[in-house]
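Everything below concerns the one structure shown next.
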Amino acid sequence: MEAERIEEPTARFQKTADFLNAGNTAYLDARRNPVSGKKTARDLIAAAADEIGSTLSARLLQGFGEWLLNDAGKVSISTLNAASLACIQVENWDLAKRLANAVNSVDHHDLLAQRLHDAAAIESSDLSLPVDDWLKDKFCKAPFEQIETRANETVHFCCSAWQPAPIGKLDQKPDRVWNSDVAKEIRRSILDGDYTYCSRWHCPMISGRRLRKLEQMGASSEVMTIAKARNASEKSDTLSLKQTPNRAILSHDRSCNLSCPSCRTKVIQINREQSAELDNLINKDYADFLSAASRIKVTGSGDPFASRHFLSFLKHFTATNTRAQRLQLHTNGLLLDEATWNRLDLWGHVDSIWISVDAAEAETYSVVRRGGTFKRLMSNLRFLGNMRRAGAFSKLRLDFVVQKRNFREVPSFASLAQHVGANGVYFLRLRNWGTFTQQEFEEHNVCDPGHPDHPELLSILADQRLRSPSVELGSLRPFVREALDRQQK
Ligand code: SF4
């Protein structure tokens, strides 16, 4: 009898989970393609949550949620989200947060799980968040002026962690991608102020509250005309743009000389044939399309100086481009020394350089930047700092992904940047690019309020060195706000 009582709910949980897991493919498809004409990702989860609510009592839901969390790695993310939403509907806030976080720990592209977590944290049963109100009258230029190519052959408007829905594929004609149905739907969401496809956690323009009203964002006359027509009582559906992107972020090759644990498990290098294919694609289809872009960033996906393809792109670019300072280089800095600078003839072409560093001390650096040498980095940073001071380019920014292994070095990193001649520092929270298990990610992610080191992180974020105008707090800003609030109490 006793065994039956224990067994019966488990069998029921398994049946419910099996039923819900079967909906995962449809959920992921809807998440990737919001204009498919089928149900939205959120509607699918709402229907699944209703199903849970009609099958399990509040008491059984508690048991079901704990049962799912026990083996969350094997449960689909749509099931975890549906269970989280079902918990919100019965005001079981703590379990709702934990279920949503089980998704957030393995998939940083799931905007619904981020929302479920934040709604549960403030006990908002309709899932509305204060940031939604803030966004209503703000404008972001990215979907009107920018394009980002990704290594999985998709194209986005900005980083896929900030806005996971792709607007097209790399092998499609870029002008069609630029005005695809998804592209227009994303533009609509910005003009209507709902920002449905943008991450409140990872986009620094949102988490850092850096967006302003349309009139203050310096939009082009074409964009102003579209926006005004949309605001008029007779709404215009014309969201296609004649203007081409003003900025391109080329992130379609992950080749790199390092294998940082937060990014990959081993060194990635594409072969000669793959590299030649990319050379051909970018030089043929994208060269014309991006000819009016005033900024071209290489790269958000690996290292420009460790990639055959990007080296070939840069050589071609500096040999043929006649306009000044269009390049933005994002690199780990280890291969960017004076010899590379001269060999690629970067003189006059560079606008800014961003270096991913993640440590202020050699010992930490050797772990978080696996394969890198701190001494060599410091030597290159001094070279670049001197070049920046001499006016060879305008911005040298050092980047730092905050995690358990390095968070105590946050304030000294701001000092180090100043010391080497950088005029910018940028902090961002850790994301899981598929390299950590859920448990590993939870262990490293000190930005999670539930992490045992989170209170210490907050006290570190109140440090005066982070108040300098050259420090950009990116996706860390909400935690800094909290740290300062606590200090004032
Ligand atoms: S994710 Fe951020 S940068 Fe990208 S479109 Fe949305 S608000 Fe703009």
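Go through (1) part of a helix (DSSP H, G or I); (2) within 14 Å of the ligand (Cβ to nearest atom); (3) not acidic (Asp, Glu) for ALA100 and report which single condition fails.
So ALA100 meets the others, but not (2).
Can you confirm whether the range 32-41 contains a residue that is in contact (Cβ under 8 Å) with a residue 40 or more places away in the chain and under 27 Å from ARG264 (Cα atoms)? Don't jump to the end; show me each part of the working.
At the first step, the residues of the range 32-41 found to be in contact (Cβ under 8 Å) with a residue 40 or more places away in the chain are 32-35, 41.
Among the residues that remain, those that are also under 27 Å from ARG264 (Cα atoms) are: 32-33.
Yes: the range 32-41 contains one or more residues that are in contact (Cβ under 8 Å) with a residue 40 or more places away in the chain and under 27 Å from ARG264 (Cα atoms).
So ALA151 fits all but one of (1) modelled with pLDDT of 95 or more; (2) out of contact with any helix residue (DSSP H, G or I) (no Cβ under 7 Å at 6 or more places or on another chain); (3) more than 12 Å from SER189 (Cα to Cα); what number is the exception?
Checking ALA151 against (1) modelled with pLDDT of 95 or more; (2) out of contact with any helix residue (DSSP H, G or I) (no Cβ under 7 Å at 6 or more places or on another chain); (3) more than 12 Å from SER189 (Cα to Cα), the one that fails is (1).
Look through the range 247-256, keep the residues that are within 16 Å of the ligand (Cβ to nearest atom) and either farther than 22 Å from SER475 by Cβ or of a type in the set (Ser, Thr, Tyr) (or both), and return whichever of them is surrounded by the most Cβ atoms within 10 Å (Cβ to Cβ).
The initial filter retains those residues of the range 247-256 that are within 16 Å of the ligand (Cβ to nearest atom), namely 247-249, 251.
Filter again for either farther than 22 Å from SER475 by Cβ or of a type in the set (Ser, Thr, Tyr) (or both), leaving 248, 251.
Numbers: ALA248: 24, SER251: 21.
For the range 247-256, the residue satisfying everything is ALA248.
Does TRP162 count as of a type in the set (Phe, Trp, Tyr) and more than 12 Å from the ligand (Cβ to nearest atom)? Let's see the steps before the verdict.
Working: of a type in the set (Phe, Trp, Tyr): yes; more than 12 Å from the ligand (Cβ to nearest atom): no.
For TRP162, the condition - of a type in the set (Phe, Trp, Tyr) and more than 12 Å from the ligand (Cβ to nearest atom) - is not met.
Taking SER415, is it hydroxyl-bearing (Ser, Thr, Tyr) and either in contact (Cβ under 8 Å) with a residue 40 or more places away in the chain or buried (at least 17 other Cβ atoms within 10 Å of the Cβ) (or both)? Outline the logic, then answer.
On the way: hydroxyl-bearing (Ser, Thr, Tyr): yes; either in contact (Cβ under 8 Å) with a residue 40 or more places away in the chain or buried (at least 17 other Cβ atoms within 10 Å of the Cβ) (or both): yes.
The answer is yes for SER415.
Output the residue which, of all residues in the range 32-62 that are in contact with a Phe, Trp or Tyr (Cβ under 7 Å, 6 or more places away or on another chain) and at pLDDT below 95, is nearest to SER105 (Cα to Cα).
By that ranking, first place goes to PRO34.
Return the residue satisfying two criteria in turn: it lies in the range 271-318 and is among the basic types (Lys, Arg) and farther than 18 Å from SER255 by Cβ, and of such residues it is modelled with the highest pLDDT. Before you say what the answer is, go through the steps one by one.
Of the residues in the range 271-318, the ones among the basic types (Lys, Arg) are 272, 284, 295, 297, 308, 315.
Checking the rest, the ones that are also farther than 18 Å from SER255 by Cβ come to 284, 295.
Working: LYS284: 83, ARG295: 97.
This residue is ARG295.
Looking at the range 184-216, which of its residues are aliphatic (A, V, I, L, M) and more than 11 Å from the ligand (Cβ to nearest atom)?
Passing the criteria: LEU191, LEU214.
How many residues does the range 124-146 contain that are among the small types (Gly, Ala, Ser) and within 15 Å of the ligand (Cβ to nearest atom)?
Taking the range 124-146 and keeping what is among the small types (Gly, Ala, Ser), we get 124-125, 128, 142.
This time we only want the ones that are within 15 Å of the ligand (Cβ to nearest atom), so: 142.
Qualifying residue count for the region: 1.
LEU484 passes all but one of (1) surrounded by fewer than 16 Cβ atoms within 10 Å (Cβ to Cβ); (2) in contact (Cβ under 8 Å) with a residue 24 or more places away in the chain; (3) touching a Leu at 6+ places or on another chain (Cβ under 9 Å); which number fails?
Condition (2) is where LEU484 drops out.
List, please: which pairs have Cβ atoms under 8 Å, are six or more places apart or on different chains, and start with a residue in the range 196-225 that is at positive phi and end with one that is aromatic (Phe, Trp, Tyr)?
If the second residue must be aromatic (Phe, Trp, Tyr), the pairs left are ARG209/TRP134.
Return yes when SER275 is away from the ligand (no atom under 16 Å from the Cβ), in contact with a His (Cβ under 6 Å, 6 or more places away or on another chain), over 22 Å from ARG32 (Cα atoms) and not assigned by TED's automatic domain parsing to the domain that holds LYS138 and no when it is not.
Numbers: away from the ligand (no atom under 16 Å from the Cβ): yes; in contact with a His (Cβ under 6 Å, 6 or more places away or on another chain): yes; over 22 Å from ARG32 (Cα atoms): yes; not assigned by TED's automatic domain parsing to the domain that holds LYS138: yes.
The answer is yes for SER275.
Quick test of your reading of the structure: ASP171 fulfils all but one of (1) surrounded by fewer than 21 Cβ atoms within 10 Å (Cβ to Cβ); (2) modelled with pLDDT of 95 or more; (3) over 19 Å from the mean Cα position of the chain (by Cα). Name the failing condition by number.
(2)
Here's the yes/no breakdown for (1) surrounded by 14 or more Cβ atoms within 10 Å (Cβ to Cβ); (2) part of a helix (DSSP H, G or I); (3) more than 27 Å from the chain's Cα centre (by Cα):
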| position | (1), (2), (3) |
| --- | --- |
| ALA219 | yes, no, no |
| THR225 | no, yes, yes |
| ARG230 | yes, yes, yes |
| LYS242 | no, no, yes |
| PRO245 | yes, no, no |
| LEU258 | yes, no, no |
| ARG264 | yes, no, no |
| LEU281 | yes, yes, no |
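Could you please find all residues in the range 31-57 being in contact with an Asp or Glu (Cβ under 8 Å, 6 or more places away or on another chain) and not β-branched (Val, Ile, Thr)? Steps first, please.
Kept after step one, since they are in contact with an Asp or Glu (Cβ under 8 Å, 6 or more places away or on another chain), are these residues of the range 31-57: 31, 34-36, 38.
ARG31, PRO34, SER36, LYS38 - these are the residues of the range 31-57 that are in contact with an Asp or Glu (Cβ under 8 Å, 6 or more places away or on another chain) and not β-branched (Val, Ile, Thr).
In the set VAL177, VAL106, which member is away from the ligand (no atom under 13 Å from the Cβ) and at pLDDT below 95? Working first, answer last.
Numbers: VAL177 fails: at pLDDT below 95.
Testing whether each residue is away from the ligand (no atom under 13 Å from the Cβ) and at pLDDT below 95 leaves just VAL106.
The values are calculated or read from the model by the stated rules, or taken from the named source; none is laboratory data. Only a predicted model underlies this, so the values are computations on that prediction, with no experimental measurement involved. Here the Cβ is made from the backbone with ideal geometry for all residues, glycine too, and neighbour counts use every protein chain on show.
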